[in-house]
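Colleague: What follows is a structure written as structure tokens; I'll ask about it next.
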Amino acid sequence: MAVSEAAMVRELGSLLSDDRVLSGPAAQLAYDCDAYTVDRSKPMAIVLPESTEEVAAVVKWCVTNQVPFTGRGAGTGLSGGALPALGGVVISTKKLTKILEIDLENRCLLAEAGIANRRLTDAVRADGLHFAPDPSSQSVSTLGGNIAENAGGPHTLKYGVTAQHILGITMVDPEGEILHLGGKVAGGPGFDFVSLIVGSEGTLGLVTEAWVKLTPLPTSVEAALVAFATVRDATQTVADIIAAGVIPAALELMDRGILVALEAAFGLKYPEGTEALLLVECDSDAEPELAQNATAAEMSKVRTICETNHAIDISVAQDEAERQKLWHARKKGVGAMGRLAPSIVTHDGVIPRSKLPEMLDFVYEVAEKHGVKVANLFHAGDGNLHPCFYFDDRDPAQVEAVVEAGEEIVRKCVELGGSVTGEHGVGVEKQDLLPLMFSPDDLRLQAMAKQIFNDGDICNPCKVLPNQKSCVEHKKRWRGVAW
Amino acid sequence: MVTRVEPRSVDEVAEAVAAAKEIVCFGVGTGLAGPQTAFRSWKCDYAIRSLRNAVPLEPETDIEAVELDLGLFDQVLYYSPSDQVVQIGVGAELGSINDSVSACDAPMLQNILAEQNQCIPMGGLCVGSVGELIARNLPHALQAQCGSWRDWILGATMVLADGSIAKAGSKAVKNVAGYDLHKFVVGTRDAIAVLVDVTLRTFPLDALPAPKTETGPNWTDKNQSAAVFEWIQRTLPSDFNSAKAGVGSKLLMADEHSSTLWCALDEPSEQLPRYPGDWVVTNGCGNRDCGDLSPTQIRLMKRAKAIFDPTNKLNPGEWGFM
């Protein structure tokens, strides 16, 4: 029952407006992947709805015509969550960017799903509040994308992941019905469907609006950059800090590969012999004087642990400007690697924190074995590692080596008691690796949950769960393959 | 008739669930009528009381049920203090932090964790097994500061209505692999699947904040261990003070941080003042407890139930309309 491109454009144009339906080779190329670039698939049309009702109308059209559809925010996802189905419709939230209501007294805010994460905090910073989840992509990644992937970030160690900050949602289900779940007051009786939707990677419907929790900005913050002569000293320090019961606001680890890139890109210099850097942040939102004492006390405990683990240098930021500079280095670390090689793949895995030293040793072994270079960035407090392989993707052998190395690392994560993904999601990237963690009965449990919302095969099809019926056929018809 | 089964292994749970026509779950044999157990449905309650008191069932209330006592599932299956992760059977009694009084022989989870300077950061009112507390997911006194079960649960093993055994989540404190079934089952009162063990994130005792609750005029120390909270209400912060004033002497406890009130009622069907956006849980579940559910929620809950438990075997009547 194939719909022609002309018919699709005409009919979707009549539901929205002609200028908000894109098609043709240039547009299809622009939307053929997200930040997971090793897999590409051309949609037939891209729509830019301006309201929940328009999203619902498009979904209903897709259901009637049995055309697959995929939601897309900023397209910064790293696991292929926004990879279109071949010949399907991409529903972009780029025009759903409004903040609809700010309720300061009740510390919540209602926004449309296409708004960039950072803009939520921008709207309430002057009132001493912020939206706590801070993925590195936050200046562009959208609320809807953050919800789909249950985004993390450096401050989730203390403040929690996105799921803990979503109070209620408006979504369009795979049938095109508009649903309201949860609300300003969280935690009520009944089944918690919001907790199924957050992290469901756009496979249970499209979130168009959400009530988010606002968190008080800290009244006191201290950050320090600690240099270690060996990676093991740094990873042991992280394990010791957590074991001591300290919960820093952030605990980020960078190894030599990142330092070299930062020096090349920004001229940042580190003490001689540094093999690993640990960025630690402590904060408190108590009254300023109490808060200052609390953060100082925490930072003091952290310093002692660092010294016990042979830190070669501890620099504490003396003011806000210096603190921002420390973070700038961390947040731009991955991009800075562009100085070292044309391409980079940032892998994502999780292990129990106590296994960090062992895991990092393994990452270096794997990189050497496959003849690829690696730099490591970690949300070390959560055991969430991001080995960044840098290479030249014009050489297919290097691409293959990088993908294989990634798979070995993920297998090791599961072997050590962790997970195949800490924050990037399963998407298409890790779909076939889920059986490492889950038995057929475990996967059937998840399929049953999916069925509550999505009993068909056109809402962001063939993602997350492996071996879905008809996916083999769909993969031939609907997915592109990188090589 | 109601028969009682005390399985010793997950396979025995699976067998019992697969074979039964109706399952009524009961977590810990402490015998305390704490606030959690007070919120069981009339049907479950009746079944259990009839079993305990050997009272014969009236013909019109005859149910053929299996009472699944998971009290034997109280072992620590895995505990890594340095990773702050513990996996425990649902029958384990939680206990209150810093309270060494236990009504049963097995050590309470809080005591086991306290030896490593850790805890589950639940404020007061911790009567019941881990399984019961998770099944009902009622508010507690440290909720605003430390979150609650959906924030602490990292994984779970459960038995489905057809007797199959499945697990969700992992032992990692951060994990986005697949759908979060372990979070979804929290608060479902064993009506979707029977939980047998859970993996939880622990909290450092040193960092534990003090609860900032106030108690009402009729609060007694007896309330702490054997209270019957008949009405639990959460409002928007902006309505909290009015709500608190509005319940007057019926107030047993209030937590400003989470805008929650715990109250006693003069009689079961009494209604206290309501506020926009608020929610209420009352004693006796079943139909009376479901007034706050939206039509969307009810529709989705029925759909979930039809998928997971098509013959309505698990805790029937627990949710009234299902």
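Every number in this text was worked out from the coordinates using simple rules, so none of it is lab data. This one's a predicted model, so the numbers in the text were calculated from it and none came from an experiment. Positions of Cβ are generated from backbone atoms using ideal geometry, with glycine treated the same way; all protein chains shown enter the neighbour counts.
Colleague: Using a 7 Å offset from the Cα along the Cα-to-Cβ direction at both residue A:230 and residue A:436, what is the distance between the two label points in nm, to one decimal?
Modeller: Label at residue A:230, label at residue A:436, 2.7 nm between them.
Colleague: Counting partner chain Cβ atoms within 10 Å of every residue's Cβ in B:158-171, what's the average?
Modeller: 4
Colleague: Nearest 0.05, what FRET efficiency do residue B:296 and residue A:64 give at R0 = 25 Å with Cβ-Cβ as r?
Modeller: Efficiency, from the Cβ-Cβ distance: 0.65.
Colleague: Chain A: D in µm²/s via Stokes-Einstein (Kirkwood Rh, Cα pairs, 37 °C, 0.692 mPa s)?
Modeller: Roughly 141 µm²/s, to the nearest whole number.
Colleague: Also, quick follow-up: Ranked highest first by the average count of other Cβ atoms within 10 Å around their residues, in what order do B:70-76, A:10-16 fall?
Modeller: B:70-76, A:10-16
Colleague: Using θ = phi - 60° and the Karplus form 6.51 cos²θ - 1.76 cosθ + 1.60, what ³J(HN,Hα) does each residue of segment A:260-265 get, whole Hz, x for Gly and Pro?
Modeller: 4, 5, 5, 5, 5, 7
Colleague: Find the centroid of the Cα atoms in segment B:291-320 and in segment A:8-87, then give the distance between the two in whole Å.
Modeller: Answer, in whole Å: 34.
Colleague: Using alpha-carbon positions, what is the distance between the centroids of segment A:106-176 and segment A:278-308, in Å?
Modeller: 26 Å
Colleague: At 222 nm, what helix-only mean residue ellipticity would the protein assembly as shown give, in deg cm²/dmol to the nearest 500, using -39500 (n - 2.57) for each DSSP H run of four or more?
Modeller: For the protein assembly as shown, the value works out to -9000 deg cm²/dmol.
Colleague: Distance cut-off 29 Å, Cα to Cα: go down the list B:212/B:305; A:158/B:183; A:60/B:305; A:450/B:21; A:184/A:332; A:355/A:430 and report the pairs above it. Working shown, then result.
Modeller: Numbers: B:212/B:305 38 Å; A:158/B:183 19 Å; A:60/B:305 26 Å; A:450/B:21 26 Å; A:184/A:332 35 Å; A:355/A:430 22 Å.
Distance filter (> 29 Å) returns B:212/B:305; A:184/A:332.
Colleague: Can you tell me how much longer the chain between residue A:369 and residue A:97 gets when fully stretched, taken as 0.36 nm per residue apart minus their C-alpha distance, in nm with one decimal?
Modeller: 93.3 nm is the gain from fully extending residue A:369 to residue A:97.
Colleague: A further question follows. Taking amide H atoms as placed 1.01 Å from N in the peptide plane, list the residues 5 or more away in sequence, or in a different chain, whose amide H sits under 5 Å from that of residue B:314.
Modeller: B:23
Colleague: If you don't mind, another one. How would you order A:111-122, A:448-459, A:358-369 from highest to lowest mean count of nearby Cβ atoms within 10 Å?
Modeller: In decreasing order of mean packing, A:111-122, A:448-459, A:358-369 become A:111-122, A:448-459, A:358-369.
Colleague: At q = 0.14, 0.25 Å⁻¹, what log₁₀ I(q)/I(0) does a Debye calculation on the Cα points of segment A:268-329 give, no solvent, two decimals?
Modeller: Each listed q maps to, in turn, -0.48, -1.22.
Colleague: Given the peptides B:230-238, A:194-202, arrange them by the average over their residues of other C-beta atoms within 10 Å, most packed first.
Modeller: By packing density, highest mean first, the sequence is A:194-202, B:230-238.
Colleague: Follow-up. Determine the shielding of peptide A:411-419 by partner chains: average, over its residues, the number of Cβ atoms on other chains within 10 angstrom of each Cβ.
Modeller: Averaged over the peptide's residues, the number is 4.
Colleague: Turning to a different aspect of this structure: How big is the Kirkwood radius of the protein assembly as shown, worked out from every pair of different alpha carbons and given in Å to one decimal?
Modeller: Here the Kirkwood hydrodynamic radius works out to 27.4 Å.
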